[in-house]
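Here the structure comes first, spelled out in structure tokens, and everything after it is commentary.
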Amino acid sequence: MGYETIVKDRGSLRVPPNLSDYPTQRSSFSWDAARAELDGLPGGRGLNIAHEAVDRHATGTLAGKLAIRWLGRKGDVVDLTFADLARLTNRFANALDGLGVGTGDRVFLLTGRIPELYVGVLGTLKHRSVACTLFAAFGPEPIRQRLDIGNGKVLVTTRRLYRQKVAAIRDALPELEHVVLVDGDGADADGAHDLRALLDGASDEYEIGPTGAEDLALLHFTSGTTGTPKGAMHVHEAVVAHHTTGKLALDLHPDDVFWCTADPGWVTGTSYGIVAPLTMGVTSIVDEGEFDAERWYGILGDQRVSVWYTAPTAIRMMMRVGTEVAREHELPDLRFIASVGEPLNPEAVQWGIDAFGLPIHDNWWQTETGGIMIANFPAMDVKPGSMGCALPGIEAAVLRRDEKGQVVLDGRGDAVVEPPMREGELALRPGWPSMLRGYLHARERYERCFRGGWYLTGDLAMRDDDGYFWFVGRADDVIKSAGHLIGPFEVESALMEHPAVAEVGVIGKPDPMAGEIVKAFVTLNRGFEWSEELQLELVGFGRKRLGAAVAPREIDVRDELPKTRSGKIMRRLLRARELGLPEGDLSTLESGA
Ligand code: ATP
Ligand code: MG
């Protein structure tokens, strides 16, 4: 597979990893035992995410510990201890009571990454209403669509966002009873509430009511990479998986400073940008600003980040700025880097070693899974280009598909599992705590996710003899060319190795002879210009790496590739534009792409 396995010298791991012996810990793992690491509500009143994340620490020895350090766009800093968070979230929950919001009602937050967002999500969870975070960069229509599907009753937002995006759609949202402005001045239009006034008037004391593990807690919309976003429903029991995966896959230890760069508008920014580190009693960094390589290196160094969780797009942008820039920054505290959201090209794993002396650990999961399912763990050898192995407590498999893409069942109705090194549909055995409990108002769509005893992920993968999973592509993106099934990831990773190439998106283009041919769209690294020679060189480079059957026949350049707000290349859009087809749902498209 091109790259050598990165064999880690276990003796040199700076902190003994939480998952040090994968086979043993995997075979002895049980979700019941994992649940027992959490406290549960006092008096046996159930399991509540916010209690595990905040209150249990705020009433113990960690009360004065820094829970969240918020870095403002302009250099301002807000530090919140666990005790501060407990007090503010109590007030927020009391404020929801005061508004007459009930258990199970939906509270939407559209604010950007500001402290109120974190207080709002955790306060909502305490209150046992359902939190739904939206990207602040969404336009009015995506906001309306999600509030409508999600039956939003409360919207917490800012004056600017309200004016720019919500005011015009407010009449189309009859279920939206309360707008709460984090920077309201009491004189706002449309009867909006002023959050500061609500919090000032609320008590510091709040007792979380009985919370069933199956009570709805979080509503997350998928990224919309393959089509219209779906509203995945998650329950309070998910916290067992948030905690366990934070511990085992991200290797969080009490003294860590953790930075998850994802926005809470995307599931990663909630499961790991809010919940997991707090349940572990770990300090989290939150940056209000957008991606900027210099700023990011500054944060990693100044805040002494030890565990960093980011995404391939960000890593590729940092690669574009150059290894030298990375090396100029001393980052003695950084000990573990992980990535999620898109396939991580082997090139990027290797770049981590060149730039930071640390390989980047890819892991795989989805909005639907609520937490990390497959990961490269700190103590394990890294096979660049592989997503790693299934977490303890998670059974993952590659299922056989027929020509139509249906998972094949055996005589007993069980799905047929492929042997190692065969491509098929990546599937998970249902039953882990953070599994979605449904897509909101889309029961049939949810039921289609299950077949032959498995949850089907919609991704194609391969498992090797050592149990490592290799991403092939999304089922929707796979290309059928002259009898071959080609995964875009393999082609993209090969082209990424050319020095001129910064990013690649690959699609299948209909062809009368081959069925489909492979077409690649690239963006270029600094210092390179598009020319016919470069185009020919890239085509030749692809052929040499991949062979004529798999290599792209056509390669084109773009200034930017269309991406979702969570940074995923939208291949369906590259394809629709190439073929002049309808563009479909664009609600999550990054502006300008
Ligand atoms: P939609 O379901 O609306 O099309 P989406 O699938 O992109 O959007 P998310 O739930 O945010 O929405 O993303 C999960 C998907 O991202 C996975 O199913 C997979 O295709 C991709 N993904 C996540 N992590 C990885 C990874 N490490 N390697 C490869 N692909 C990944
Ligand atoms: Mg998906």
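The values are calculated or read from the model by the stated rules, or taken from the named source; none is laboratory data. Treat the numbers as computed from the prediction; the structure is a model and nothing was measured. Reconstructed Cβ throughout: ideal geometry from the backbone, glycine too, with neighbour counts over all protein chains shown.
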Answer residue from the stretch 349-370, given it is within 16 Å of ligand 2 (Cβ to nearest atom) and assigned to a helix (DSSP H, G or I) and is nearest to Thr323 (Cα to Cα) among those: Thr367
Test result for Arg445, of a type in the set (D, E, K, R), touching a residue at least 12 places away in the same chain (Cβ under 8 Å) and within 16 Å of ligand 2 (Cβ to nearest atom): yes
Complete set of residues in the stretch 571-589 that are more than 20 Å from Arg146 (Cα to Cα) and in a loop (DSSP other than H, G, I, E, B): Gly580, Leu581, Pro582
Selection count, the stretch 455-470, where residues are under 17 Å from Thr367 (Cα atoms) and either exposed (fewer than 15 other Cβ atoms within 10 Å of the Cβ) or of a type outside the set (Ser, Thr, Tyr) (or both): 4
Single residue of Asp263, Asp256, Asp251 found to be within 21 Å of Pro312 (Cβ to Cβ), more than 15 Å from the chain's Cα centre (by Cα) and crowded, with 21+ Cβ neighbours inside 10 Å: Asp251
Test: residue in the stretch 181-189 that is at pLDDT below 95, assigned to a helix (DSSP H, G or I) and not polar (S, T, N, Q): yes
Test: residue in the stretch 278-294 that is surrounded by fewer than 24 Cβ atoms within 10 Å (Cβ to Cβ) and free of Cβ contacts under 8 Å to residues at least 24 places away in the same chain: yes
Set Leu198, Leu219: member being more than 25 Å from Gly289 (Cβ to Cβ) and within 16 Å of ligand 1 (Cβ to nearest atom): Leu219
Residue match in the stretch 90-111 (condition: under 24 Å from Ile68 (Cα atoms) and of a type in the set (Asp, Glu)): no
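Quick grid of which residues meet (1) assigned by TED's automatic domain parsing to the domain that holds Gly505; (2) free of Cβ contacts under 8 Å to residues at least 40 places away in the same chain:
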residue	(1), (2)
Leu409	no, no
Asp414	no, yes
Pro433	no, no
Leu440	no, no
Met462	no, no
Gly467	no, no
His484	yes, no
Qualifying residue in the stretch 475-489 (condition: over 27 Å from Thr228 (Cβ atoms) and charged (D, E, K, R)): no
Residue in the stretch 87-98 that is assigned to a loop (DSSP other than H, G, I, E, B) and closer than 30 Å to Ala213 by Cβ present: no
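To keep it simple, each residue is scored yes or no on (1) within 16 Å of ligand 2 (Cβ to nearest atom); (2) of a type in the set (Gly, Ala, Ser); (3) at pLDDT 95 or above; (4) touching a strand residue (DSSP E or B) at 6+ places or on another chain (Cβ under 8 Å).
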site	(1), (2), (3), (4)
Lys404	no, no, no, no
Arg412	no, no, yes, no
Trp432	no, no, yes, no
Leu456	yes, no, yes, yes
Gly467	no, yes, yes, yes
Val478	yes, no, no, yes
Ser481	no, yes, no, yes
Cys132, sole failed condition from (1) within 30 Å of Arg45 (Cβ to Cβ); (2) in contact with an Asp or Glu (Cβ under 9 Å, 6 or more places away or on another chain); (3) crowded, with 21+ Cβ neighbours inside 10 Å: (2)
Sole exception among (1) surrounded by fewer than 17 Cβ atoms within 10 Å (Cβ to Cβ); (2) within 16 Å of ligand 1 (Cβ to nearest atom) for Asp354, by number: (2)
Every pair of residues 6+ apart whose Cβ atoms lie under 7 Å, when the first sits in the stretch 316-329 and is touching a residue at least 60 places away in the same chain (Cβ under 8 Å) while the second is surrounded by fewer than 13 Cβ atoms within 10 Å (Cβ to Cβ): Arg320/Arg526
Of all residues in the stretch 1-49 being in a helix (DSSP H, G or I) and in contact with a strand residue (DSSP E or B) (Cβ under 9 Å, 6 or more places away or on another chain), the one that is nearest to Pro359 (Cα to Cα): Tyr22
Qualifying residue in the stretch 507-529 (condition: within 16 Å of ligand 2 (Cβ to nearest atom), at pLDDT below 95 and not aliphatic (A, V, I, L, M)): no
